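Trainee: So that we are looking at the same thing, I have put the structure below in structure tokens.
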Amino acid sequence: MRIWSKTRCRWASRSAAGGILAISLAVQSFAQDRLLPVPRVTLYPGDPIYDNLIEEIPFSYESVGQGAAMESREGLVGKVARRTLLPGKPIPPISIDNQKIVLIGSHVKIVFMEAGLEITAHGMAMQSGAVGDLIRVRNQDSGLMVSGRVRIDGSVLVSEA
């Protein structure tokens, strides 16, 4: 009787271990359901990111932490690489940037608008900037430095200080 009960205890412990193993395998397979966008080819700093250069590959939550990589393809298309992006590797958010409309040293139109009045001047960009970025511009006529927001047409809108 004693031998049978030991055998039964061994069988029970083995079946419990098998159940735990099955549960851990199910959790591991569930954790790999996360699809992340990755480059198909090597992208160098300044390269634009197009939709056909991106593919989605499954990654586990353990291999790539939450917020450590771009989650959607839509957040990448139309941006540029700030760092070298390697094929098949997740893309950190800090490695991409908006397309610069105004480049440092380029000639820009400075616009001041208030109550229906629009004053324009020509200037030189002292910083590069994407749409909506606040950059400094030197007025070519007066030599004064002004700050303004880059607009979609490449002009800089200066607001009242």
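Trainee: Run the numbers for M124 and V77: contour at 0.36 nm per residue of separation, minus the present Cα-Cα distance, in nm.
Mentor: 14.0 nm
Trainee: Moving on. Long-range amide H contacts for V102: which residues qualify at under 5 Å (H placed 1.01 Å from N, peptide plane, sequence gap of 5 or more or a different chain)?
Mentor: For V102, whose amide H was placed from the backbone, the distant partners under 5 Å are G129.
Trainee: Within the stretch 93-124, which residues have the backbone N less than 18 Å from the label spot 7 Å out from L144 along Cα→beta-carbon, could you tell me?
Mentor: Residues 108-115, 117-124 fall inside that zone.
Trainee: Here's a follow-up. Cut-off 14 Å, label point 7 angstrom out along Cα-to-Cβ of S63: give me the residues of the stretch 32-54 whose amide nitrogen falls inside.
Mentor: 32-39, by backbone N distance to the label point.
Trainee: Return the aspartates and glutamates within reach of K89: Cα separation strictly under 15 angstrom, same-chain partners fewer than 8 residues apart disregarded; answer none if there are no such residues.
Mentor: Output for K89: E55, E56, E62, E71.
Trainee: Also, I was wondering about something else. Once the Cα gyration tensor of the stretch 107-158 is found, what semi-axes does its equivalent ellipsoid get, as square roots of 5 times the eigenvalues, in whole Å, sorted largest first?
Mentor: Each semi-axis is √(5λ); the values are 15, 14, 8 Å.
Trainee: Residues with amide H under 5 Å of E55's amide H, sequence separation 5 or more or different chain, H placed in the peptide plane at 1.01 Å from N; which?
Mentor: Here the answer is V38, R40, since their amide H atoms fall under 5 Å of that of E55.
Trainee: Computed from the mean reciprocal separation of all distinct C-alpha pairs, what Kirkwood hydrodynamic radius does the stretch 32-97 have, in Å?
Mentor: It works out to 11.6 Å.
Trainee: Sort V77, V137 so that the residue with the fewest other Cβ atoms within 10 Å of its own Cβ comes first and the one with the most comes last.
Mentor: V77, V137
Trainee: If neighbour count is taken as other Cβ atoms inside 10 Å, put M124, M70 in order from fewest to most.
Mentor: Ascending Cβ contact count within 10 Å gives the list M124, M70.
Trainee: Still on this structure: Residue by residue through the stretch 84-93, what is 3J(HN,Hα) from phi via Karplus (6.51 cos²θ - 1.76 cosθ + 1.60, θ = phi - 60°)? Round to whole Hz and write x for glycine and proline.
Mentor: 5, 10, 9, x, x, 9, x, 9, x, x
Trainee: Roughly speaking, what is the centre-to-centre gap between the stretch 35-112 and the stretch 116-161 when only Cα atoms are used, to the nearest Å?
Mentor: 27
No value in this document is a laboratory result; all are computed from the given coordinates. All figures in this text were calculated on a predicted structure; none of them were measured in a lab. In this analysis, Cβ positions are derived from the backbone assuming ideal geometry, glycine residues included, and neighbour counts consider all displayed protein chains.
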